[in-house]
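The values are calculated or read from the model by the stated rules, or taken from the named source; none is laboratory data. Please read these numbers as outputs of a predicted model, since none were measured by experiment. Reconstructed Cβ throughout: ideal geometry from the backbone, glycine too, with neighbour counts over all protein chains shown.
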Protein chains: 2
Amino acid sequence: MPATRSTCPFCAIVAGEDETDVVYRDEAAVAFLDRRPLFPGHVLVVPVRHVETLPDLDTADVAPFFIVVQRISAAVPEALGSQGTFVAVNNVVSQSVPHLHVHVVPRTKGDGLRGFFWPRTKYAPGEAASVADRIRRALA
Amino acid sequence: MPATRSTCPFCAIVAGEDETDVVYRDEAAVAFLDRRPLFPGHVLVVPVRHVETLPDLDTADVAPFFIVVQRISAAVPEALGSQGTFVAVNNVVSQSVPHLHVHVVPRTKGDGLRGFFWPRTKYAPGEAASVADRIRRALA
């Protein structure tokens, strides 16, 4: 059963049911520690309004939500002395909770992680042009 | 030598030096195919204005930039028949080009990737509270 506002664990945090790990909240977004962090200080930023994925976010909510993501991505390295961050969203696939959440993970060189760990591929001749055309048409 | 506006490969694409793989452009952002995709249709979205990382993005540019990211994250699965997307930014660490770029990667269940592939850890007793306090102070 997909989570709804009444069963969604992130809506429960938004509603104030557990403030322990909340690091920031305003009208648009709530930020809290992921309980199973990749590294200590791994924060999740969620919109107050329950939407499942990034495409579902109301256009009017994009600015206030991502301004919080931006602030968290500045504050986490400052707070923890890390060098950078990995900021990521899984939409649908690999998305554990169907309430949009942006991971902000502190990163430091030599931490053993990689920005991408997957084998990169190459386009066959002509393939890139075809793929680009399909995306352009979907945007038109 | 860090890339500047004059040497930055993404600024060159923004300037229109190679339109081949550009799928979208407006006043705020340009979106183009990553030449070494994780999967075909892997798009990079960059702000027109050269900034290095997400925290460097002018607050006024957050909305127009992320509205484009949102549009691309809807268009890519629609264009390619994928089920979802992985949307990610490497800030500083693992960042190959020092011009902010958001990866939008098409995802389909069973594609062999994971949202996160790294061993997750746990907080020791009291550690989460301490980490949360440090982030709150950095935000204050």
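Structure notes:
- Conditions (1) surrounded by 16 or more Cβ atoms within 10 Å (Cβ to Cβ); (2) in a loop (DSSP other than H, G, I, E, B): number failed by residue B:124: (1)
- Test: residue A:62 is out of contact with any Pro (no Cβ under 7 Å at 6 or more places or on another chain) and more than 7 Å from chain B (Cβ to nearest Cβ): no
- For segment A:14-56, filtering for residues that are closer than 25 Å to residue B:66 by Cα and either without any contact (Cβ under 8 Å) to a residue 40 or more places away in the chain or away from every other protein chain (no Cβ under 14 Å) (or both) leaves 12.
- Screening the candidates A:108, A:53, A:85 for the property of being within 25 Å of residue B:129 (Cβ to Cβ), under 18 Å from the mean Cα position of the chain (by Cα), surrounded by 14 or more Cβ atoms within 10 Å (Cβ to Cβ) and of a type in the set (Ser, Thr, Tyr) yields one hit, A:85.
- With respect to the conditions (1) assigned to a loop (DSSP other than H, G, I, E, B); (2) modelled with pLDDT of 95 or more, residue A:45 falls short on a single one, namely (1).
- Taking each residue of segment A:113-132 that is within 17 Å of residue B:106 (Cα to Cα) and looking for partners that are exposed (fewer than 14 other Cβ atoms within 10 Å of the Cβ) and modelled with pLDDT under 75 with beta-carbon atoms closer than 8 Å, six or more apart or interchain, yields A:117/B:117.
- Segment B:68-110, residues that are of a type in the set (A, V, I, L, M), closer than 22 Å to residue A:111 by Cα and not in a strand (DSSP E or B): B:92, B:93, B:97, B:100
- Residue under evaluation residue A:19, criteria (1) in a loop (DSSP other than H, G, I, E, B); (2) in contact with a helix residue (DSSP H, G or I) (Cβ under 6 Å, 6 or more places away or on another chain), criterion not met: (2)
- Filter pass, residue A:72 being free of Cβ contacts under 8 Å to residues at least 40 places away in the same chain and of a type in the set (A, V, I, L, M, F, W, C): no
- Hey, residue A:100 more than 7 Å from chain B (Cβ to nearest Cβ) and closer than 20 Å to residue B:65 by Cβ or not: yes
- Any hit, segment A:49-57, residues being among the hydroxyl-bearing types (Ser, Thr, Tyr) and assigned to a loop (DSSP other than H, G, I, E, B): yes
- Apart from one condition, residue B:24 fits all of (1) part of a strand (DSSP E or B); (2) hydroxyl-bearing (Ser, Thr, Tyr); (3) crowded, with 23+ Cβ neighbours inside 10 Å; the exception is (3).
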